[in-house]
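Visitor: I am attaching a structure below and will ask some questions about it afterwards.
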Ligand code: NAD
């Protein structure tokens, strides 16, 4: 392809070698216009077997490598990610649709996460237990083994690194299957690791038919850990496969972020913050604020203020500097959102703005605000994963907390109140892996990121993200 947007060809990376031809391929689409921008090769069963063999070799070598050397590779990778930030961000926008500035922010957060893991790689401490003189009991934390990691398309740069970086810090090898819909950023990330000196067998990159790849990798006794980011149904399916080999697992699944807005909040500031955050990545974020439960005293003002700000957002191609919200990542998303909006309006919700498919061939859906949304509507129960804000009212803090905990999801939750006693109560009682109070930032690199209930288990990020790649061993020496 002469006009390829890719600096290096899309490919599989197995045992230190790139495979860029000679395989079946899948088209990669630009969601802004629905046109093909490239073709990604799909791994055969033999490729997966070679990836498993390489991962086994890579694990033996990498687990014995000095943590300082593992840290140095991660730090050099972080530097390369910063150096190549514009290229990485452009690929994320091209394949996933998010505005370039958002993509650039994702890239810089990714570099910061690599730096954090570089620091943590040398701090995997054990314990020495008190025993009679001349004897010891040791508690060791050792890398679990080769990891099979699967991640979704919504953060094309960050998601692959959230899988690779903690595993590499811990001394594991990895076989990563990112989404076939956003392969370019993952390829560019692997090239950063390769150029930073990561030995070839330590990280393998494969694309393929998702179900075939996951069945193959999870059935192998080589694989000792499953790490998945994606939807709840796929997560449950993979956990069943992992059960056959009693595999350690980390599940970062979907959410349905409740936002509890109390009468005493700083309303204008809260609205500014929430509208910007709601429509980030066209709402395709696992921790997206989704159902806005607003106390009765400010309900009308909140709903109107939210709708006015939303109407002003500029929808467009993410490569256009003026764009505030890009297209959705694939054709499935606007179709799903249109169905949810239609069902909610049919059930009595008020459409304050949006609710329409965009013009042209791209996968656009206008930023949408629905008020008075019945709790029984599908959107109030299923993860919408799109640019739709669902607003409803509550009377008391008890009601708000009950509502926040009503669904089987428990990922991110948001609360806005100036009442310190209430802030503590919300932090204690909301069933979620992460609670943000008077802020929308849940992802910090040094703090655990993950969910409870159907949203998953096992944190990513923070020291906890590395611990999730370790097994504990007690050694008693008499
Ligand atoms: P999906 O569940 O089909 O796919 C999600 C991801 O999992 C994709 O990258 C896909 O390639 C991968 N996948 C699917 N089946 C797999 C399998 N058998 N083995 C391994 N990987 C597999 O859904 P989708 O249409 O791509 O995305 C929509 C839904 O996914 C949303 O409604 C949302 O719930 C969820 N999602 C969650 C996150 C998150 O960060 N937790 C990210 C993206 C999507």
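Visitor: Please determine, in degrees from 0 to 90 and to the nearest 10, the orientation of helix 100-121 with respect to the longest principal axis defined by the Cα atoms of the chain, where the helix direction is its Cα long axis.
Guide: Once rounded, one gets 40 degrees.
Visitor: Related question: Label points 7 Å out from Cα along the Cβ direction at residue 267 and residue 376: separation in nm?
Guide: Placing both labels 7 Å beyond Cα along the Cβ direction yields 3.1 nm.
Visitor: Work out the FRET efficiency for residue 464 and residue 136 from their Cβ-Cβ distance, taking R0 = 35 Å, and round it to the nearest 0.05. Kindly include the intermediate steps, with their values, before the conclusion.
Guide: Values: r = 27 Å, r/R0 = 0.78.
Working from the Cβ atoms, E equals 0.80.
Visitor: By how many nm would the segment from residue 444 to residue 472 lengthen if fully extended, with 0.36 nm per residue of separation less the alpha-carbon distance?
Guide: On the way: separation 28, 0.36 × 28 = 10.08 nm, distance 2.64 nm.
Stretched out fully, the residue 444 to residue 472 stretch lengthens by 7.4 nm.
Visitor: Divide, for the chain, the radius of gyration over alpha carbons by 2.2 N^0.38 Å, where N is the residue count.
Guide: Numbers: Rg = 22.9 Å, N = 478, 2.2 N^0.38 = 22.9 Å.
Dividing the Cα radius of gyration by 2.2 N^0.38 Å gives 1.00.
Visitor: Two decimals is fine: what's Rg over Rh for segment 257-445, C-alpha atoms, Kirkwood radius as Rh?
Guide: Numbers: Rg = 15.7 Å, Rh = 16.5 Å.
That ratio is 0.95, to two decimals.
Visitor: Largest first and in whole Å, what are the equivalent-ellipsoid semi-axes of segment 1-129 based on the Cα gyration tensor, each being the root of 5 times an eigenvalue?
Guide: Working: eigenvalues 202, 108, 25 Å².
With the √(5λ) rule applied to segment 1-129, the semi-axes are 32, 23, 11 Å.
Visitor: Most exposed first by the Cβ proxy, i.e. fewest other Cβ within 10 Å, how do 125, 409 rank?
Guide: On the way: 125 8, 409 28.
Lowest to highest Cβ neighbour count: 125, 409.
Visitor: Right, next: Between residue 45 and residue 347, what length in nm is gained on full extension when 0.36 nm per residue of separation is reduced by their alpha carbon distance?
Guide: Gain on stretching residue 45 to residue 347: 103.9 nm.
Visitor: Give me the Kirkwood hydrodynamic radius of segment 240-325 in Å, from all C-alpha pairs, to one decimal place? Don't skip to the answer; put the middle values down first.
Guide: On the way: mean 1/r = 0.0651 Å⁻¹.
For segment 240-325, inverting the mean 1/r across all distinct Cα pairs yields 15.4 Å.
Visitor: Which FRET efficiency value, to the nearest 0.05, is calculated for residue 75 and residue 27 with the Förster distance at 41 angstrom and r the Cβ-Cβ distance?
Guide: Details: r = 36 Å, r/R0 = 0.89.
After rounding, the FRET efficiency stands at 0.65.
Visitor: What is the spin-label model distance, in nm, from residue 301 to residue 219 if the labels are put 7 Å beyond Cα along the C-beta direction?
Guide: If labels sit at residue 301 and residue 219, their model points lie 6.2 nm apart.
Visitor: Right, next: How far, in degrees from 0 to 90, does helix 232-243 lean away from the longest principal axis of the Cα atoms of the chain, to the nearest 10?
Guide: Rounded to the nearest ten degrees, it is 20.
Visitor: Can I ask one more? Would you kindly state how much longer the chain becomes between residue 243 and residue 399 on full extension, computed as 0.36 nm times their sequence separation minus their alpha carbon distance, in nm to one decimal? Please report the intermediate quantities before stating the final value.
Guide: Details: separation 156, 0.36 × 156 = 56.16 nm, distance 3.82 nm.
52.3 nm is the gain from fully extending residue 243 to residue 399.
Visitor: Next question. Which translational diffusion coefficient, to the nearest whole µm²/s, is obtained for segment 139-254 from the Stokes-Einstein equation, given a Kirkwood hydrodynamic radius over C-alpha pairs, 20 °C and 1.002 mPa s? Please report the intermediate quantities before stating the final value.
Guide: Values: Rh = 14.2 Å.
It comes out at roughly 151 µm²/s.
Visitor: On to the next question. What is the calculated FRET efficiency for residue 65 to residue 17, with r their C-beta to C-beta distance and R₀ = 25 Å, to the nearest 0.05?
Guide: Efficiency for this residue pair is about 0.75.
Visitor: With angles folded into 0 to 90 degrees, how steeply does helix 158-170 sit against the dominant principal axis of the chain? Use alpha carbons for both and round to 10.
Guide: 30
Rule-based calculations on the coordinates, nothing more; no lab input. Given the structure is predicted, the values throughout are model-derived calculations rather than measurements. Positions of Cβ are backbone-derived with ideal geometry, glycine not excepted, and every protein chain shown enters the neighbour counts.
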